[in-house]
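What follows is calculated from the coordinates using simple rules that are stated; it is not laboratory data. As the structure is a prediction and not an experimental result, all values here were calculated from the model. Here Cβ is always computed from backbone atoms with ideal geometry, including for glycine, and neighbour counts include all displayed protein chains.
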Amino acid sequence: MFRLGWQVFRTRLPELVSDRDRRRLVLVASIVAPVVTVGLLVVAALTEGITVVGVVVALLFGVAAGGFATVFCRIGPKGWAIPPVPAIGWRTQEAVARYYGRNPPAVAPEHRDIVLQSIAVHRDPVVRTTLQSSFLLGSWVFGLLGALVLGLTGSTAHGPVFLYAPVWPLIAGGYGVIGFRTLGRQEQLRVEASALPPVPPVPPKRGRPGGPSGSKLALPGE
């Protein structure tokens, strides 16, 4: 599932994130990371003095800050959002949601069109959000490494940072993992639903809306 999601992510990403957006991500990270690193080294020099451990920790937190800053960069068209899907009944919504759960049932023929339409609408926003979550996850990894170095060496400088690092997984790790699984499941559903024959539309009822049903012939005396 995750391997298939990674393949979809890697295929769609070049079409969704332009070269300009990639250059912006690199530029922001390359500015924020050195600034934070130098700032931490200045603080260390004014407190405990610059040590090898302090330099390593400053570099780790600098890289973490650079990855965190990229989350605030726009990686898609201005104002992009998930387009609305035509309204469907709550029973259909529950049936479609079951396709993404554990031990999902086979796609029913009557759900073919709504499944394909939902995938086409939601796939690209999932790719973009998964990319941002990946930056957050990498930021957390470097921040946690820096906090562990501080904790293992017993340094008191920048100690409060250790309290912030464990909070980052709540922001970072969740959707990054879920996003790859969602992309993989979407691709499986797309292949399964595409193999089903299209369901012909229900013919509209004859007559005027709200008009009486049954025979339109009048009986004697009516």
For this session: Give me the number: length gained by fully extending THR47 to ARG3, i.e. 0.36 nm times residue separation minus the C-alpha to C-alpha distance, one decimal in nm.
Result: 11.1 nm
Problem set entry | Principal semi-axes in Å for region 1-53 [√(5λ), Cα gyration tensor, largest first] | 38, 16, 5
For this session: Using DSSP to define loop residues, name the trypsin sites (Lys or Arg not before Pro) in region 85-150 whose beta-carbon has at most 14 other beta-carbon atoms within 10 Å.
Result: ARG102
Seminar exercise, completed: So ALA108 and SER18, fully extended at 0.36 nm per residue minus their Cα-Cα distance, gain in nm 28.7 nm
